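Worksheet: one structure, shown below.
Rule-based calculations on the coordinates, nothing more; no lab input. Fair warning: this is a prediction, and the values are worked out from it, not measured in the lab. Methodologically, a virtual Cβ is constructed for each residue, glycine included, from the backbone with ideal geometry; neighbour enumeration extends over all protein chains shown.
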Amino acid sequence: MKKVLVYVPIALSLVVLGAHFMRYDNTPGMVAVVLLIGLLFVRQQWAARLVQIALVLGTIEWVHTLYVMAQLRIAFSQPYTRLVLILGAVIAITLASALLFQTKELKKIYKL
């Protein structure tokens with residue numbers, strides 16, 4: 001059961017990233033995320049590293065999105081605190097998901 005639970009934040013982070021791409025009509029991004037979710041079933045070192053790199057890049061995308069959206073809200077004198085808190089949590093979870101590949105459990109599964 002513990003092995004399954006370690007995948008929950010990883011899959012959730014990828015699904016949310018896919019939804020972000022869908023929101024901006026980025027079909028290649030959505031397809032890439034679906035493929036990355038499929039790679040979680042490939043018990044190879046390269047697959048784990050590819051998903052891990054994608055999650056780090058996803059974190060960077062979320063930081064960029066936070067910056068752009070916060071700047072827009074500030075420019076239009078709109079509240080932005082909730083935006084920062086929500087996207088801050090998304091950033092933290094996505095980065096933590098990438099770091100899960102450094103755990104003993106996933107190192108054993110993917111032979112890292």
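Data overview
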{"quantity": "Exposed-loop-free span, longest in the chain, where chymotrypsin sites (Phe, Trp or Tyr not before Pro) count as exposed if DSSP calls them loop and at most 11 other C-beta atoms lie within 10 Å", "calculated": "77-112"}
{"quantity": "Stretch gain in nm, segment Arg23-Leu5, where the contour uses 0.36 nm per residue and the Cα spacing is subtracted", "calculated": "3.7 nm"}
{"quantity": "Reported label for calculated Cα extents along the principal axes in Å given (1) 53, 24, 21; (2) 50, 27, 21; (3) 45, 26, 21", "calculated": "(2)"}
{"quantity": "Label point distance in nm, Lys107-Val15, each placed 7 Å from Cα along Cα→Cβ", "calculated": "2.9"}
{"quantity": "Alpha carbon convex hull of region 35-77, volume per residue in cubic angstrom", "calculated": "53"}
{"quantity": "Relative contact order (%) - the chain, alpha-carbon pairs under 8 angstrom, separation at least six", "calculated": "33"}
